[in-house]
Amino acid sequence: MAREKTAPSTQPIGVGEPLLSIRGLVTEFATADGVVHAVDGVSYDVYPGETVGVVGESGSGKSVTVMSLLGLIPQPPGRIAGGEVLLEGRDLLKLDPKELRKVRGKEIAMIFQDPMTSLNPVLTVGDQIAEAITSHAQVGKDEVRRRCVALLELVGVPNPSDRFDQYPHESSGGMRQRAMIAMAIANQPKILIADEPTTALDVTIQAQVLEVLAAAQRETNAGTILITHDLGVIAEMADRVVVMYGGRVVETGSVDEIFHSPKHPYTLGLLSSLPRPNVDMERLLPIPGNPPSLINLPSGCAFHPRCHLGEGRSSCRTEIPPLHQLGDGRHSACHYHDEMSEEAARVERETGTTIEGENP
Ligand SMILES: Nc1ncnc2c1ncn2[C@@H]1O[C@H](COP(=O)(O)OP(=O)(O)OP(=O)(O)O)[C@@H](O)[C@H]1O
Ligand SMILES: [Mg+2]
C-alpha cells in the first residue's frame, strides 16, 4: 500500500514561517478528583502541505490539543491556562467565539473519528456540504451543487449526483467518512485536522479512506495534523511526527528519524511493541506499567516509572526534561537522549529486530 508522500513541505523543515504554530499550550479540566492536566505545555508547528502525525497512548492529550485551538473545549470544566496558537501569526486563543467560528470550517477544517456524530442525520449529505460552502462564501445554488458533486467525485463517492440527495444513514461508514472529507476541504482550508479518521472503519476501508485523505490534502495543499494510535498509518501518511506522552510532547522528528533512530525511550517503546512482519509476537516488548495519571503526573520525566534508561537516575525523577533541540524540527524530551543508540541496540538484541537504520 505504498503511497507517494506529498512533498514534506513547500519549505524545508524549520525554515521559513510555519502555517500553524502551537506554543506552550496548557489545557486543564476541573474534575471531582482534582485538576486533570490534559495538555501541559505542548508546542509543535505545521508547515504548508506537510502531514504531521501525532501519536501517543490513549489520554496523552492529542485530541484536547487540537480541540483547544479550535475553541471546542467545554469551559468549564475545561480551561486553557496558557500558551498561544498562531495561524499565520494570529493567535487563535485570543479570538472571540464568532471570529473562531469563521476560522473553523474555512481556514481550519476537522475530520473526526465517527462521521455519524459530526454529520447531521436529518440533512442530506449534499445539503451539509453545501452549507459548509455557503456559510463561508456567497455562491449561487447551481454553482454550489456543481461544486458539491465535484467534491464527492474527488473523494471517490460513486454516482455523486445521486448521493448528493441521500441522508447520512443511507451510506456506509466509509462513504460517510468520504463525505466528511469532502465537507472538510470544501473551502480549501489551510489546515486540515484528522483525529483518528479511520479508527471506526474496517481495515480494508481504512486504506481507501487514507488514500482519499491524501488526495484531498494534495488537492488543497493544506498543512495536515493526523492524529492516530496507529504507527502503521503514521509510516504511511506522515512527513513529520510528534510523539506525546502524559500531555507533553516527548519527541519530534521526520518520519524516517522517528522510525530509524528514536531519541526518546517512549518512542522506542512504541516501536518495539508494534507487531510487524518477520517478528515473533513473543519477542515484542510491550511498554511496562500503565499510562500516567494526569491528575498526579509522576514527578520529573512523566515516563520515568516505565523507563529502562531512567532506572535509578535521580534527575529523571526530579527534573522535568526540557524539549532538547537536536536538529531542524528534531527534538527529544529525554535527559539521556544521547544514550538512545545504545538503548535501541539493547532492544534490538532482546527482540531480534532492527530499529536503528531499519527501513520503515
Ligand atoms: N471534558 C473533559 N473533562 C475532564 N477530562 C477531560 C475532558 N476531556 C478530556 N479530558 C481528559 O483529558 C485527557 C486527554 O484526553 P485526550 O482526549 O486529548 O486524549 P487522546 O490522546 O486524544 O486519547 P485517545 O487516543 O484515547 O483519543 C484525558 O485524560 C481525558 O480524560
Ligand atoms: Mg483522542
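How long is the chain along each principal axis, judged by its Cα atoms, biggest number first, in Å?
Principal axes ranked by extent give 68, 46, 42 Å for the Cα atoms.
Send over a whole-number figure in Å² for the accessible area per residue of segment 262-351, probe 1.4 Å.
With the other protein chains kept in place, segment 262-351 gives 52 Å² per residue.
Per DSSP helix of 4 or more residues, -39500 (n - 2.57); summed, then divided by the residues of the chain. What does that give at 222 nm, rounded to the nearest 500?
Per the formula, -9000 deg cm²/dmol.
Measure nothing but the geometry: give the 0 to 90° angle between the long axis through the Cα atoms of 141-154 and the longest principal axis through the Cα atoms of the chain, rounded to 10°.
Its long axis makes an angle of about 40 degrees.
Roughly how far apart, in whole Å, are the Cα centres of segment 14-93 and segment 108-184?
The distance from the Cα centre of segment 14-93 to that of segment 108-184 comes to 28 Å.
Which whole-number percent gives the relative contact order of segment 210-339, counting Cα pairs below 8 Å spaced six or more residues apart?
22 percent
Computing the accessible area with a 1.4 Å probe over protein heavy atoms, can you report the carbon and sulfur percentage for the chain?
The C+S portion of the solvent-accessible surface of the chain is 51 percent.
For the chain, find the longest principal axis of its Cα atoms and tell me its angle to the long axis of helix 340-351, 0 to 90°, nearest 10.
Orientation of helix 340-351: about 90 degrees from the principal axis.
What angle do you read, to the nearest 10 degrees and between 0 and 90, between the alpha-carbon axis of helix 125-134 and the longest principal axis of the chain?
The answer is roughly 90 degrees.
What does the convex hull of the Cα atoms of segment 262-351 come to per residue, in Å³, rounded to a whole number?
Measuring per residue, one finds 116 Å³ for the Cα hull of segment 262-351.
Just for the chain, what percent of DSSP beta bridges are antiparallel, to the closest 5?
65 percent
Any idea of the accessible area per residue across segment 32-102, 1.4 Å probe, to the nearest Å²?
Per residue, segment 32-102 has 43 Å² of solvent-accessible surface.
Highest mean first, how do 84-95, 63-74 rank when packing is the count of other Cβ atoms within 10 Å averaged over residues?
63-74, 84-95
The values are calculated or read from the model by the stated rules, or taken from the named source; none is laboratory data. All figures in this text were calculated on a predicted structure; none of them were measured in a lab. In this analysis, Cβ positions are derived from the backbone assuming ideal geometry, glycine residues included, and neighbour counts consider all displayed protein chains. For accessibility, only protein heavy atoms count, side chains too; no ligands or nucleic acids. Shrake-Rupley method; radii C 1.70, N 1.55, O 1.52, S 1.80 Å.
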